[in-house]
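Scroll down for the structure; my scribbles are underneath it.
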Amino acid sequence: MARDPLTVLARLRRLEVEQARRMLASQREERDAAATRAAAAEEALRAEADGSPADYAAFLPRGMAERERAAAALRRAQAALELARIALADRRAQERAVEQLAELRAATAQAEAARREQALLDDRAGRLLAPLSSPTEPV
């Protein structure tokens with residue numbers, strides 16, 4: 001028996017939505033890790049500022065570089081998260097379009113079946129009424 005292409009497409013769309021959800025969750029984790037790293041870099045700069053000025057002067061270039069790397073990683077993670085959100089929305093829209101197509105196909109099939117049934121009833125009624133409408137006696 002041949003598979004219905006619309007059923008196969010609906011399954012594919014569901015799998016794509018699930019994959020996009022997993023990607024979104026992964027990107028959230030990466031964003032959270034990047035935010036933690038950025039906060040730690042900021043905290044390290046503040047903590048070193050409380051120490052001796054000589055130590056702070058030696059630490060400052062490395063601390064600022066780490067803060068900038070962490071901030072850049074956070075920006076990239078936020079951008080990737082936004083792309084994952086957009087991808088999920090797109091996949092959901094595609095999934096919904098297939099669902100709507102399936103609903104339209106089912107409604108069309110149901111309407112066609114009702115039309116055929118009505119035509120069959122009309123045909124049978126016409127056959128039953130035909131003997132009643134034919135003249136039996138000449139006037």
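Okay, residues lined up against (1) within 17 Å of A39 (Cα to Cα); (2) at pLDDT 95 or above; (3) exposed (fewer than 12 other Cβ atoms within 10 Å of the Cβ):
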| site | (1), (2), (3) |
| --- | --- |
| Y56 | no, no, no |
| L60 | yes, no, no |
| E66 | yes, yes, no |
| D90 | no, yes, no |
| A111 | no, yes, yes |
| R115 | no, yes, yes |
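Does A40 satisfy being under 28 Å from the mean Cα position of the chain (by Cα) and in contact (Cβ under 8 Å) with a residue 24 or more places away in the chain? No, not satisfied.
When you go through A71, A79 one by one, which is the residue that is assigned to a helix (DSSP H, G or I), at pLDDT 95 or above and under 21 Å from the mean Cα position of the chain (by Cα)? Testing whether each residue is assigned to a helix (DSSP H, G or I), at pLDDT 95 or above and under 21 Å from the mean Cα position of the chain (by Cα) leaves just A79.
Do we have any residue at all in the stretch 74-86 that's of a type outside the set (F, W, Y) and either touching a residue at least 60 places away in the same chain (Cβ under 8 Å) or touching a Pro at 6+ places or on another chain (Cβ under 9 Å) (or both)? Looking through the stretch 74-86, at least one residue is of a type outside the set (F, W, Y) and either touching a residue at least 60 places away in the same chain (Cβ under 8 Å) or touching a Pro at 6+ places or on another chain (Cβ under 9 Å) (or both). Every listed requirement among (1) in a helix (DSSP H, G or I); (2) exposed (fewer than 15 other Cβ atoms within 10 Å of the Cβ) is met by G51 save one, (1).
Per-residue answers, yes or no, for (1) among the hydrophobic types (A, V, I, L, M, F, W, C); (2) under 30 Å from Q19 (Cα atoms):
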position	(1), (2)
R67	no, no
A70	yes, yes
R85	no, yes
D90	no, yes
V98	yes, yes
R105	no, yes
G126	no, no
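If the condition is being without any contact (Cβ under 8 Å) to a residue 40 or more places away in the chain and surrounded by 12 or more Cβ atoms within 10 Å (Cβ to Cβ), then the stretch 1-14 contributes R11, L12. A Cβ distance below 9 Å, combined with a sequence gap of six or more or placement on separate chains, defines the contacts here; from the stretch 95-123, residues that are among the basic types (K, R) reach residues that are modelled with pLDDT of 95 or more and surrounded by 10 or more Cβ atoms within 10 Å (Cβ to Cβ) in the pairs R96/R13.
The values are calculated or read from the model by the stated rules, or taken from the named source; none is laboratory data. Just so it is clear, the model here is predicted, and its values are computed rather than measured. Neighbour counts run over all protein chains shown; Cβ positions are idealised from the backbone, glycine included.
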